[in-house]
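Visitor: My questions all concern the structure below.
The values are calculated or read from the model by the stated rules, or taken from the named source; none is laboratory data. Predicted model, so just to flag it, every value in this text is computed and none were measured. Methodologically, a virtual Cβ is constructed for each residue, glycine included, from the backbone with ideal geometry; neighbour enumeration extends over all protein chains shown. In case anyone asks, the SASA skips ligands and DNA or RNA and just uses the protein heavy atoms, side chains included. Shrake-Rupley method; radii C 1.70, N 1.55, O 1.52, S 1.80 Å.
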Amino acid sequence: MSEKTSATFRIYGHDYSFSGVESEEYIQKVCYNVDKKMRDFRAKDPKLNETKLAILTAVNVTDELFKNKALLDETILDLKKYKEEAFNLKSKALICEKENEYLKDEIQRLKIELAKNGK
């Protein structure tokens, strides 16, 4: 079982205590991202109160999450498709290799037969 991490971080001028199984560096990175987004939104609209600013930030982060999840799902589907194509191509390549070996043997057999008939 993972050890719990507890730490306090400042987001938009307020201290928040967090605990979880993620590393302190990871939690700090998440908090920094939220703080930065809130400050970016405040810079665009200085009249936003903190509640509206927090909601706008949450909606924006959730939008990013949903878009990234959709992209991940699409990438996973593409990967499955490419793996299936690779498997099919590998199967076809093996069939071609076997056919090539058969044809080489057949050419050799026909050369021998031709040589015998040519005597």
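Visitor: Using only Cα atoms, find the angle between the long axis of helix 24-44 and the longest principal axis of the chain, and express it within 0 to 90 degrees, rounded to the nearest 10.
Guide: So the inclination is approximately 70 degrees.
Visitor: Which is farthest toward the positive dipole end of the chain among GLY118, ASN68, THR5, measuring Cα position about the Cα centre, with Cβ charges +1 (Lys, Arg) and -1 (Asp, Glu)?
Guide: GLY118
Visitor: Which one, TYR102, PHE41, VAL21, projects farthest toward the positive side of the charge dipole computed for the chain from Cβ point charges (K/R +1, D/E -1)?
Guide: TYR102
Visitor: How large is the charge dipole for the chain, taken about the Cα centre, if only the Cβ atoms of Lys, Arg (+1) and Asp, Glu (-1) carry charge, to the nearest 20 debye? Let's see the in-between values first.
Guide: Details: 23 positive and 22 negative charges, 84 e Å.
It comes to approximately 400 debye.
Visitor: Let me ask you something else. Any idea what angle helix 50-117 forms with the longest principal axis of the chain, computed on alpha-carbon atoms, 0 to 90 degrees, nearest 10?
Guide: On a 0 to 90 degree scale, this one is about 10.
Visitor: Of ARG10, ARG39, which has the most accessible area with a 1.4 Å probe, and how do the rest follow in descending order?
Guide: Details: ARG10 140, ARG39 115 Å².
Largest accessible area first, the residues go ARG10, ARG39.
Visitor: Per residue of the stretch 8-21, what does 6.51 cos²θ - 1.76 cosθ + 1.60 with θ = phi - 60° give for ³J(HN,Hα)? Whole Hz please, x for Gly and Pro, Karplus curve as stated.
Guide: With the stated coefficients, the stretch 8-21 comes to 10, 9, 9, 10, 6, x, 10, 8, 10, 9, 10, 9, x, 8 Hz.
Visitor: Normalising by the residue count of the chain, find the relative contact order in percent from Cα pairs under 8 Å and 6+ residues apart. It would help to have the intermediate numbers written out before the result.
Guide: Values: 53 pairs, mean separation 15.4, N = 119.
Relative contact order of the chain: 13 percent.
Visitor: Still on this structure, please answer the following. What does the charge add up to near ASP73, with Lys and Arg as +1, Asp and Glu as -1, over the other residues with Cβ less than 14 Å from its Cβ? Walk me through the intermediate numbers first.
Guide: On the way: positive: LYS67, LYS69, LYS80, LYS81; negative: GLU74, ASP78.
Every neighbour counted, the sum reads +2.
Visitor: Calculate for the chain the 222 nm mean residue ellipticity that helices alone would give, adding -39,500 (n - 2.57) per DSSP H run of length 4 or more and normalising by residue count, nearest 500 deg cm²/dmol. Walk me through the numbers on the way to the answer.
Guide: Values: 2 runs with 89 residues, N = 119.
One gets -28000 deg cm²/dmol as the mean residue ellipticity at 222 nm.
Visitor: Another question, if that's okay. For the chain, with all protein chains present and a 1.4 Å probe, just round the carbon and sulfur fraction of the accessible area to a whole percent. Don't skip to the answer; put the middle values down first.
Guide: Values: 6100 of 10400 Å².
Here carbon and sulfur together make up 59 percent of the probe-accessible area.
Visitor: The list [x] 2, 10, 18, 20, 19, 14, 11, 4, 1, 0; [y] 2, 9, 10, 10, 9, 9, 7, 5, 5, 4, 5, 4, 4, 4, 3, 3, 3, 2, 2, 1, 0; [z] 2, 9, 14, 14, 11, 10, 11, 12, 9, 5, 2, 0 gives values of P(r) over Cα pairs in 5 Å bins from 0, in percent, and only one came from this structure; which label was calculated from it?
Guide: From the options [x] 2, 10, 18, 20, 19, 14, 11, 4, 1, 0; [y] 2, 9, 10, 10, 9, 9, 7, 5, 5, 4, 5, 4, 4, 4, 3, 3, 3, 2, 2, 1, 0; [z] 2, 9, 14, 14, 11, 10, 11, 12, 9, 5, 2, 0, the structure gives [y].
Visitor: I would also like to ask the following. Using the heavy atoms of the protein chains and a 1.4 angstrom probe, tell me the accessible area per residue for the chain in square angstrom. It would help to have the intermediate numbers written out before the result.
Guide: Values: 10400 Å² over 119 residues.
I get 87 Å² per residue for the chain.
Visitor: Could you work out how far apart the two model spin labels at ALA58 and ARG39 are, taking each label as a point 7 Å from the Cα in the direction of the beta carbon, and quote it in nm?
Guide: 2.3 nm
Visitor: Continuing with this model, one more query. For LYS83, go through the lysines and keep the ones whose alpha-carbon is under 26 Å away, minus same-chain ones fewer than eight residues off.
Guide: LYS67, LYS69, LYS92, LYS98
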